[in-house]
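The structure under discussion appears below in the form of structure tokens.
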Amino acid sequence: MNVKVKQNFRSGFVGIVGKPNVGKSTLLNQLIAEKVAAISRRPQTTRNKITGICHLPGGQIILMDTPGIHDGRTKLNRFMVETARKTFDDADVILFLIDAKRRFREEDEYVLELIKKSKTPKILAVNKIDLIPKNRILGLIDELRQRENFLHIIPLSGLHGDGLDILKKVLLEILPEGPEYFPPGMVTDCPEKFIAAEMIREKIIKLTHLELPYAAAVEVEKIVEGKKGVLVVDAAISIERESQKKILIGKGGERLKMVGQYAREEIEKLFGSKVYLNLFVRVKKNWRQDDRYLKDFGYSHDSY
Ligand SMILES: Nc1nc2c(ncn2[C@@H]2O[C@H](COP(=O)(O)OP(=O)(O)OP(=O)(O)O)[C@@H](O)[C@H]2O)c(=O)[nH]1
Ligand SMILES: [Mg+2]
């Protein structure tokens with residue numbers, strides 16, 4: 001990597017980890033003021049490591065959003081948890097997120113036991129404080145302080161932005177002096193095709209989760225410039241069974257049309273230009289248990 005060294009500039013990598021649904025991806029997007037990570041109210045939304053770059057006057061915080069750590073059984077689940085675990089030692093700081101409303105649960109304890117094995121410094125962020133009364137926050141922090149010796153405990157709301165300035169300040173103080181890894185204005189090093197695919201997957205989760213939980217994978221196959229600067233995006237959605245195809249497409253194609261419309265709006269924001277989105281649906285039998293498909297979809301550590 002070609003890096004620039006500036007005086008008094010701090011930089012480094014922060015792994016955002018926690019159980020599913022605590023708000024890791026929401027926090028990443030807020031910190032970089034751009035939407036690169038898919039968000040949903042369902043657990044297990046994020047499947048890969050997603051990088052976001054937060055540019056500050058005194059430095060650069062490179063955030064790594066990770067899949068929620070959980071006890072899932074499919075090969076896909078195992079890939080997700082392994083992806084999160086791999087960041088523990090790659091990071092300069094581990095940012096462990098919990099949900100204030102749910103307090104500290106068994107699933108959080110499980111994550112804590114895992115991160116304790118890493119020597120990387122750890123910060124606890126108590127997210128979603130907008131959901132609890134203000135006068136309960138201090139009590140909760142005291143309780144958490146007794147549980148483990150964290151470097152800092154920071155209450156915040158990723159959704160509403162409370163506490164993020166303090167979080168950035170604290171992270172920057174911990175990070176070492178270092179180079180400007182990425183040029184100003186660059187918010188992620190994830191490929192555009194990957195982020196566009198995540199936006200499509202997010203809409204599929206929103207519109208079909210109850211009937212098709214976790215069944216879809218999305219690959220953006222092509223992005224080409226068409227007439228009048230319109231970007232033509234071709235994406236394939238893979239599902240596990242023929243019967244799921246009907247559910248995804250919906251009566252008269254209505255549901256797939258909605259997925260396409262919502263995803264297109266999101267991708268237009270991302271690229272800052274008009275987009276024409278073509279969606280294809282394919283059946284890849286039991287792909288979540290098939291090494292070959294998992295690799296094709298980028299859910300394999302060999303594919304890096
Ligand atoms: N009220 C409130 N809701 C939040 C906050 N942060 C995130 N959420 C909501 O929590 C849900 C989960 O958010 P995500 O960012 O997808 O959570 P995640 O930790 O990335 O989840 P996985 O990728 O499944 O591990 C969404 O409905 C968010 O809108 C917050 O600060 N306050
Ligand atoms: Mg996520």
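The values are calculated or read from the model by the stated rules, or taken from the named source; none is laboratory data. Keep in mind that this is a model prediction, so the values were computed, not measured. Quick reminder, even Gly has a Cβ in these numbers, built from the backbone with ideal geometry, and neighbours come from all protein chains shown. When the accessible area is computed, the model is the full protein with side chains, heavy atoms only, and any ligands, DNA or RNA have been set aside. Shrake-Rupley method; radii C 1.70, N 1.55, O 1.52, S 1.80 Å.
Some values worked out for this structure:
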{"read-out": "When residues of the stretch 269-304 are limited to those that are more than 22 Å from Ile223 (Cβ to Cβ) and polar (S, T, N, Q), the one farthest from the chain's Cα centre (by Cα)", "value": "Asn286"}
{"read-out": "Single condition Arg103 does not satisfy, out of (1) within 11 Å of ligand 1 (Cβ to nearest atom); (2) part of a loop (DSSP other than H, G, I, E, B); (3) surrounded by fewer than 21 Cβ atoms within 10 Å (Cβ to Cβ)", "value": "(1)"}
{"read-out": "The stretch 40-66, subset without any contact (Cβ under 8 Å) to a residue 60 or more places away in the chain and under 17 Å from Thr188 (Cα atoms), residue most open to solvent (accessible area, probe 1.4 Å)", "value": "Lys49"}
{"read-out": "Qualifying position, being more than 16 Å from ligand 1 (Cβ to nearest atom), crowded, with 16+ Cβ neighbours inside 10 Å and at pLDDT below 95, among Phe182, Phe150", "value": "Phe150"}
{"read-out": "Qualifying residues in the stretch 185-214 (those that are in contact (Cβ under 8 Å) with a residue 60 or more places away in the chain and of a type in the set (Gly, Ala, Ser)) - the one most open to solvent (accessible area, probe 1.4 Å)", "value": "Gly185"}
{"read-out": "Condition met for Lys19 (open to solvent by 10 Å² or more (accessible area, probe 1.4 Å), within 14 Å of ligand 1 (Cβ to nearest atom) and either in a loop (DSSP other than H, G, I, E, B) or within 21 Å of Lys122 (Cα to Cα) (or both))", "value": "yes"}
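Residues checked against (1) among the hydroxyl-bearing types (Ser, Thr, Tyr); (2) assigned to a strand (DSSP E or B); (3) within 26 Å of the chain's Cα centre (by Cα):
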| position | (1), (2), (3) |
| --- | --- |
| Lys228 | no, no, no |
| Val233 | no, yes, yes |
| Ala236 | no, yes, yes |
| Leu248 | no, no, yes |
| Gly252 | no, no, no |
| Arg255 | no, no, yes |
| Tyr262 | yes, no, yes |
